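Here is the structure we will look at, set down as structure tokens.
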Amino acid sequence: MNLNLQKWQNSSKVLFFIAPLMIPLITFWLVPFGWSVYISFTDWDYISPDYYFVGLENYQYMLEDGDFIQAMQNTFIFALGVVIPTVMIGLVFALLLHNNFKGSQFYRAVIFSPWITPTVAISIVWSWVFESKSGLVNLLLDKVGIAPIPWLESGDTAMFAVMVVTVWQAVSWTMLFYISALNKIPTSLYEASLIDGCSPWTRFYKITLPLISPTTFFLVIVNMITAIQAFDQFQILTQGGPSGSTRTLLYLFYQQAFEQYDMGPAAATSLIILLITGALTIANTVMGKRWVYY
Amino acid sequence: MSTMDTLAIPAKNTHKVVINEASRKQGINTTKPVKANSTTQLERVLERGFKTTLKHGFLLMSGLLMVFPFIWMLSGSLKSNDEIFTNPLMIIPSTFNWQSFVDAFNSAPFGLYIINSFSVALFTTLLVIINSAMFAYAITQLKFKSKTFLYFVVMGCYMLPGAVTYIPSYITLARLGLLDSHMGLILSNAASVFGVFYLRQVFLKIHPSLIEAARIDGAGELKILWKIILPQCKAALATLFLITFITNYNSYMWPSLVITSQELNLIATGIRQFFIAEGNYGLNWSQIMAASTIAVLPLLVLFILCQKTILTGITNDNGVKE
């Protein structure tokens with residue numbers, strides 16, 4: 001009796017502490033997840049109350065759907081086109097700024113400022129920069145005698161323009177992680193290499209690069225996950241166009257769910273996004289020796 | 001090219017200085033070698049100066065490139081619309097035209113949007129901090145069976161992209177009657193996986209003897225969390241606060257789905273609607289840039305005030321598990 005009372009007291013105490021988080025987590029994360037899986041097997045259109053269970057039809061349809069295949073390709077092109085420059089430029093900045101010198105804090109802050117500001121607002125600014133008639137880029141191209149390019153209106157360049165904006169915003173965050181990784185390399189290693197008379201390049205290839213490789217792996221994966229879930233800049237700059245050339249999986253999901261109200265196929269698309277990010281996260285957890293977060 | 005050179009040069013220089021001093025002490029007539037030595041030293045100093053200049057030059061250039069969109073935005077907002085098209089490449093406007101800010105405020109309630117964003121972000125952040133702290137406390141300090149399982153369930157949610165939860169969460173909010181309300185937005189964002197992870201890391205570092213002592217003194221669990229643990233991790237709490245606040249202030253996709261009435265719009269949705277409003281696009285850049293400035297400025301000010309907390313917080317050891 002007494003033991004039971006104590007047990008009850010203890011579990012109510014635990015419940016008191018975990019409930020404030022678990023209630024919103026269950027309501028807006030866990031239950032929706034199961035629900036989405038269910039919706040993806042139906043042909044629900046949001047408006048009509050009844051729907052049919054169609055099994056794997058939504059998934060089968062995907063494989064034949066030109067829009068889906070295009071969106072899949074766009075997502076991978078976008079992710080690669082964002083991640084590679086982001087990580088490389090981030091590393092260059094970090095190499096230059098990881099030592100504290102006069103002004104280094106200032107440079108860090110300046111480089112970091114794009115990350116702080118709302119993507120929607122800065123995408124609007126960039127949409128003017130890329131504007132075909134009076135945009136900054138074309139004005140500058142005009143000065144050097146190159147004909148104006150319809151950056152956002154042409155399928156060949158629109159994706160590139162969105163990538164530029166995304167890299168511009170993502171570089172700073174990558175830089176910060178590299179700075180902390182570089183600062184953790186023991187200085188004794190560099191001292192030893194000095195005695196051995198290594199050239200700066202050898203030092204970079206043989207010491208710096210291998211020692212920051214776990215961070216690089218982490219940054220590649222996390223930047224990729226972020227790129228797959230990019231939405232704001234697409235919505236402002238291109239709306240997935242022209243003719244679907246910048247429609248990524250997430251944008252396809254948005255159009256299916258909230259423009260066409262095809263909830264079944266939309267849920268199926270969202271689960272494909274989940275599969276990709278899930279695979280990337282697992283790779284990160286398993287392969288990354290230091291499991292870094294956010 | 002890299003900073004490793006600057007790291008190497010001082011070491012080499014001191015080496016040379018030592019040799020010079022040693023030869024001088026020995027009283028040997030060392031005019032020739034010293035001369036040779038001093039030229040190399042001069043060369044080194046010059047080289048070092050050159051490299052520092054190169055580095056600062058490069059950093060200044062790239063720093064300028066990073067803030068240029070902001071300069072462009074500010075410049076556009078201060079020009080009149082005519083000047084934007086007649087004299088596009090001039091950064092500094094001929095006359096500072098503040099009218100576009102007045103016009104922007106008159107054509108859309110940006111003040112209200114900013115207040116909306118601030119209050120939603122603030123309440124979400126407070127909720128996130130309270131429930132993450134309580135959950136992290138339970139996970140790190142209380143004893144119960146399903147502890148590890150629960151932690152993995154929460155962490156597993158990190159994998160869930162927003163898209164997977166949007167449709168059902170939308171329906172849930174509709175059924176709760178919370179669609180198109182700030183309450184709905186706040187509640188649906190109240191659980192933060194990052195918050196739990198971050199605070200768990202911090203709480204694990206607190207010495208268990210402190211908590212034991214408090215327990216022996218008969219303090220309740222809530223009191224231990226409030227009076228002993230939280231005061232010890234003020235810096236981490238400040239970081240979590242800023243990061244959560246900024247993320248919520250900037251969020252766009254989910255709020256734009258939930259909120260439909262204009263007077264409840266957050267700044268990101270509000271500014272987009274102003275942007276796509278008829279007659280604005282491609283014609284009224286000066287007002288659009290004024291609106292962007294209004295949206296961006298509060299965060300830039302916040303960043304300038306708290307940059308140390310934000311910059312060190314993201315990468316300091318609390319956030320990085322080894």
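Data table
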item	result
Residue-wise HN-Hα coupling along the range A:69-75, computed from phi with Karplus coefficients 6.51, -1.76, 1.60 (Hz; x: Gly, Pro)	5, 4, 5, 4, 4, 4, 4
Among B:Ile276, A:Leu97, A:Phe217 - extreme Cα towards positive end, dipole of the protein assembly as shown, charges at beta-carbon	A:Leu97
Neighbour-count order for A:Ile84, A:Ile179, B:Ile216, fewest beta carbons within 10 angstrom listed first	B:Ile216, A:Ile84, A:Ile179
Per-residue average of Cβ from other chains inside 10 Å of B:60-69	6
Gyration tensor verdict on the protein assembly as shown (Cα atoms; rounded if a/c is under 1.5, prolate if a/b is larger than b/c, oblate otherwise)	oblate
Footprinting exposure proxy for B:Lys143, B:Lys55, A:Lys184 (fewest neighbouring C-beta atoms within 10 Å first)	B:Lys143, A:Lys184, B:Lys55
Whole-Hz ³J(HN,Hα) from phi, Karplus 6.51 cos²θ - 1.76 cosθ + 1.60, for the range A:8-14, glycine and proline x	5, 4, 5, 6, 6, 5, 4
Averaged over B:136-149, number of beta-carbon atoms from partner chains that fall within 10 Å	3
Overall form of chain A per C-alpha gyration tensor (a/c, 1.5; a/b vs b/c)	oblate
Cα-Cα over 25 Å, subset of A:Lys102/B:Lys79; A:Lys7/B:Lys234; A:Lys13/B:Lys145; A:Lys206/B:Lys51	A:Lys102/B:Lys79; A:Lys7/B:Lys234
Interchain or long-range residues, amide H under 5 Å from A:Thr42's placed H	A:Val54
Taking B:Val301, A:Val110 and counting other C-beta atoms within 10 Å, the order from fewest to most	B:Val301, A:Val110
Summed residue charge, Cβ within 13 Å of A:Asp45's Cβ, Lys/Arg positive, Asp/Glu negative	-4
Karplus-derived HN-Hα couplings along the range B:207-214 (A = 6.51, B = -1.76, C = 1.60, θ = phi - 60°), whole Hz, x at Gly and Pro	5, x, 5, 4, 6, 4, 4, 5
Cα-centred dipole magnitude for the range A:73-249, charges only on beta-carbon of K, R (+1) and D, E (-1), debye, nearest 20	340 debye
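Quick note: the coordinates plus some simple rules give every number you see, no bench work behind them. What you see is a predicted model; the values in this text were computed from it and never measured. Because the Cβ atoms are built from the backbone with ideal geometry, glycine has one as well, and the counts that use them run over all protein chains shown.
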